[in-house]
Amino acid sequence: MAIPEEKCYWIGLNLLPRVGRITYQKLLTHFGSPREVLHASKQELLRVKGIGEKMAEEITSFPLEAALKRELANIERYGVQILTLSDPDYPPLLKTIYDPPPVLYVQGNLCLQDQYAIALVGSRTPTSYGRLVAERLAQDLARRQITVVSGLARGIDGCAHRGALKGGGRTIAVAGCGLDIVYPPEHRRLKEQIIKQGACLSEFPLGTQPERMNFPLRNRIISGLSLGTVVVEAGERSGSLITAEWALEQGREVFAVPGNITSAASRGTHKLIKAG
């Protein structure tokens with residue numbers, strides 16, 4: 001199915017390496033559409049606050065046609081749907097956060113039920129207690145038609161997705177890389193099951209590697225898709241605490257599962273409980 005021309009401009013602007021979500025929104029606000037941004041002259045771009053010579057030069061010299069041709073071919077190859085902020089099907093909860101992704105790559109399907117979603121996150125190296133709790137919570141939520149959102153990572157994330165699948169419900173995995181890349185690689189089969197029973201999505205263009213800096217950004221989407229975030233098990237410096245911080249900033253609920261008082265794996269969750 002051919003992608004409409006206007007949507008192609010949304011994808012094209014998203015392909016520019018240094019145009020992040022904030023700059024994208026700034027350009028969109030000033031020009032009204034990605035088409036106008038990509039057709040703007042260097043002088044017109046320089047009138048946008050925060051856009052300097054280097055950025056303006058990068059936008060005007062970007063090989064849009066070639067880059068877009070490659071991306072559209074891969075979108076078709078990997079069975080990806082594209083949602084933009086202008087689409088009526090864009091997740092309504094995510095649209096309300098401060099910096100929603102202008103473009104979402106989706107494998108599988110999003111549906112109305114996903115407005116009732118809870119995120120389950122936690123340690124990549126959980127205890128047996130953490131794995132049990134994550135899977136049981138996800139299974140119970142899924143049986144009550146609550147969509148379970150997580151990050152497809154090792155540990156608690158994987159348990160959350162598996163629990164939702166076992167409960168016969170929906171689950172959404174948010175990736176920190178392009179959807180043509182499976183990370184971690186051992187979750188290939190799990191990802192295939194999630195796509196059949198929910199969706200896997202990313203804000204990153206296809207081919208984007210799972211670099212460290214991508215995951216804090218990914219976490220804001222996990223919390224942004226959800227009414228609340230449950231931290232199942234986390235150490236004091238766990239990345240899942242970043243998701244909890246995003247949830248609080250977005251005005252969403254944050255929950256923490258208590259653990260063994262002597263376990264380092266529960267120090268982060270106990271800290272959240274202590275902080276109220």
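The values are calculated or read from the model by the stated rules, or taken from the named source; none is laboratory data. Please read these numbers as outputs of a predicted model, since none were measured by experiment. Here the Cβ is made from the backbone with ideal geometry for all residues, glycine too, and neighbour counts use every protein chain on show. What goes into the accessible areas is simple: the full protein's heavy atoms, side chains included, and nothing from ligands, DNA or RNA. Shrake-Rupley method; radii C 1.70, N 1.55, O 1.52, S 1.80 Å.
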>> With θ taken as phi - 60° and the coefficients 6.51, -1.76 and 1.60, list the Karplus ³J(HN,Hα) couplings across region 40-56 in order, rounded to whole Hz; mark glycine and proline as x.
In response: 6, 7, 4, 4, 5, 5, 5, 6, 7, 4, x, 9, x, 4, 5, 5, 4
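Of all beta bridges DSSP finds with both residues in the chain, what is the antiparallel percent, to the nearest 5? Walk me through the numbers on the way to the answer.
Values: 8 of 26 bridges.
Bridges in the chain are about 30 percent antiparallel.
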> With the contact rule set at Cα under 8 Å and sequence spacing of 6 or more, what percent relative contact order holds for the chain?
Replying inline: 16 percent
>> For region 229-276 and region 123-137, what is the centre-to-centre distance using only Cα atoms, to the nearest Å?
In response: 14 Å
>> Quick check for you: with a 1.4 Å probe and neighbouring chains kept, what is the accessible area per residue of the chain, in Å²?
In response: 49 Å²
> Per the Kirkwood treatment, what hydrodynamic radius in Å, one decimal, follows for the chain from the mean inverse distance over all distinct Cα pairs?
Replying inline: 19.3 Å
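Give LYS26/LYS54; LYS49/LYS95; LYS26/LYS95 a once-over and call out the pairs whose C-alpha atoms are over 18 Å from each other.
Values: LYS26/LYS54 16 Å; LYS49/LYS95 24 Å; LYS26/LYS95 16 Å.
Pairs exceeding the cut-off: LYS49/LYS95.
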>> Less than 10 Å Cβ to Cβ from GLU236, Lys/Arg counted +1 and Asp/Glu -1: what total charge do the surrounding residues give?
In response: +3
> Pick from GLU36, GLU236, GLU211: which residue has the top mean-square fluctuation in a GNM of the chain where Cα pairs under 10 Å get a spring?
Replying inline: GLU211
>> Using a 1.4 Å probe on the protein heavy atoms, what percent of the accessible area of the chain belongs to carbon and sulfur?
In response: 53 percent
>> Give me the base-10 log of I(q)/I(0) for region 183-276 at each q in 0.13 Å⁻¹, Debye formula, one uniform scatterer per Cα, rounded to two decimals.
In response: -0.54
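Rounded to the nearest 500 deg cm²/dmol, what is the calculated helix-only ellipticity per residue at 222 nm for the chain, with -39500 (n - 2.57) per DSSP H run of length n ≥ 4? Walk me through the numbers before you get to the answer.
Values: 13 runs with 124 residues, N = 276.
The per-residue figure over the chain is -13000 deg cm²/dmol.
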